[in-house]
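One structure is given below, encoded as structure tokens.
The values are calculated or read from the model by the stated rules, or taken from the named source; none is laboratory data. Remember, it's a predicted structure, so these values are computed and weren't measured experimentally. Cβ: placed from backbone, ideal geometry, glycine included. Neighbour counts: every protein chain shown.
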Amino acid sequence: MCRLNVSLAIILWLTCVPVLLPQSVDLPPGPLQAKMKTACSECHESGIIVQQRLGRAAWTKEVDKMIKWGAVVDPGDRNAFIEYLSENFPADREPYVAPRTARPKKK
Amino acid sequence: MISRREFVTGASAAIGVVGVARPLLSWGAAEAPAIPGKHGMIVRSLRFLDLEMPIEYGNSLITPVEHFFVRNHMHEPSTLDPGEWRLSVAGEVKTPLTLTLAGLAKMEQHTVIDTLECAGNGRAFAVPHVPGVQWEKGAVGTARFSGPRLRDVLERAEARPTGKHVMFRGLDEVPGKVPAFIRSIPIEKASDGDTLVALRMNGAALTRHHGFPARALVPGWIGAASCKWLTEIKVLDKEFDGNFMSPGYRMPNLPVKPGEAVRVEDTHPATALNVKSLITSPGNGASVKSRAMLVRGVAWAGEADIAKVEVSTDSGATWQPAQLGKEQSHYAWRLWSYPWNAPKPGAHTIMSRATDTQGRIQPDLVEWNPSGYLINVVDRVQIHVQA
């Protein structure tokens, strides 16, 4: 019973540790790279961005939605964000190949 | 009832998701990230966590938790103390409740085998492309869920006749000004004997990625209905008014041309899943040694049952019936198989399509909609048969 209580105490402590997850691919280099990461990183990493294949109108809607939802984008940078995303992730670009999570190491 | 030992197991599983931070990878790199308890999964997003099952893992009635897809809209709760966790039941009820995990575990437990599919599964096949997680085929899995019936919880709270919808709120951590992930289902579905407050998945406590300690389980409906990390149930006199009910998770009332905008007043909530089959073996792009092979797959139909699955090996000119597996459970996918001898070496396309008991059949072409929901186009794999 005592062992169980100790286990539970450890479990409860560990479940209070913030979840740290591995990070994904980086955004393409360029003057907007750092600003994009800062604006987007509170909510998500770049993997969700680099898999999109959208035209300029769709990117415009996405950028405006994200600004509405709290992405910190200087109003003077809005158009540059749309340009950066439209150029790097256009509708006709080849599909993104997603990585897979690691398999357990054989003992 | 959950024993203390099982409780520890579940909590341990919840801990198991705590990963190790890694440095940023260089542009375009695709190094395999380590996520304990989720091996070989396709990474659609690491934060928020969205993991897709490689479809070749779908060859069994029950999908192991290790291979079950993960769809998170927000950050997972950073703290989950099952002893402190509470589920409130309020709104249009005579007796508001505050339930503990132990209290829920003491209620009559019911088990449902459910095929859970993300509404956006197959979005990557929408042309023109639509924004969102670019799921291909594997945002779907089948698991055995157990817990008290939601209707028993509502009866205990003495839901009033004015209650028409039941809202679920989870402990998702909402960043920025993002709207909270809150959804509701009609009282009729909430009162169905198979709709659960699920505590267990495949015989063990839910893991953190799947909603520990409790989630809604709305069988046959899009995955978004089955809110995770449940902390509040509220009976409402109308559908919940929030982003993830409208404009989110809605389908056009009428077919739309690909790329066409749809006004929200011309839409309705996405609810039950479509009829759909997928080929799990051979895999797309496989090079097979023998002309003789067993084509295998799964098929499901939300609240309906699968009536038949057919396979075509001549680009859809003719269709042959597949053998349906013996294992059956309402809401669960059906395994199927089709023995085939390729007539000659070289490139071949194998197609599958399912028909359900409502007469629905998978379409030949993607039925496009602005959010890429419920895409159930006839499945195709291309293989190479070696000489």
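Residue-by-condition table, conditions (1) more than 14 Å from chain A (Cβ to nearest Cβ); (2) farther than 23 Å from B:Thr271 by Cβ:
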site	(1), (2)
B:Gly83	no, yes
B:Val89	yes, no
B:Thr98	yes, yes
B:Phe125	no, no
B:Gln134	no, yes
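Among the residues of the stretch A:32-54, those that are at the interface with another protein chain (Cβ under 7 Å from one of its Cβ atoms) and not in a helix (DSSP H, G or I) comprise A:Glu42, A:Cys43, A:His44, A:Glu45, A:Gln51, A:Gln52, A:Arg53, A:Leu54. Count of the stretch B:49-59 residues, restricted to those that are modelled with pLDDT under 95 and in contact with a helix residue (DSSP H, G or I) (Cβ under 8 Å, 6 or more places away or on another chain), is 0. How do the strands (runs of 3 or more DSSP E) wholly within the stretch B:284-387 filter down when requiring 2 or more residues that are under 22 Å from B:Thr271 (Cα atoms) and at pLDDT 95 or above: which remain? Output list reads B:292-300, B:306-312, B:346-356. Of everything listed in (1) assigned to a loop (DSSP other than H, G, I, E, B); (2) modelled with pLDDT of 95 or more; (3) over 24 Å from the mean Cα position of the chain (by Cα), the single unmet condition for B:Ile62 is (3). Among the residues in the stretch B:148-158, are any within 14 Å of another protein chain (Cβ to nearest Cβ) and without any contact (Cβ under 8 Å) to a residue 60 or more places away in the chain? Within the stretch B:148-158 (the criterion being within 14 Å of another protein chain (Cβ to nearest Cβ) and without any contact (Cβ under 8 Å) to a residue 60 or more places away in the chain), the answer is no, since none of the residues qualifies. For the stretch B:36-59, the set of residues classified as hydrophobic (A, V, I, L, M, F, W, C), in a loop (DSSP other than H, G, I, E, B) and either over 30 Å from B:Leu324 (Cβ atoms) or at the interface with chain A (Cβ under 7 Å from one of its Cβ atoms) (or both) consists of B:Met41, B:Phe48, listed by residue number.
Scanning the stretch B:124-164 for residues that are outside any helix (DSSP H, G or I) and of a type in the set (A, V, I, L, M, F, W, C) turns up B:Ala126, B:Val127, B:Val130, B:Val133, B:Trp135, B:Ala139, B:Val140, B:Ala143, B:Phe145, B:Ala157, B:Ala159.
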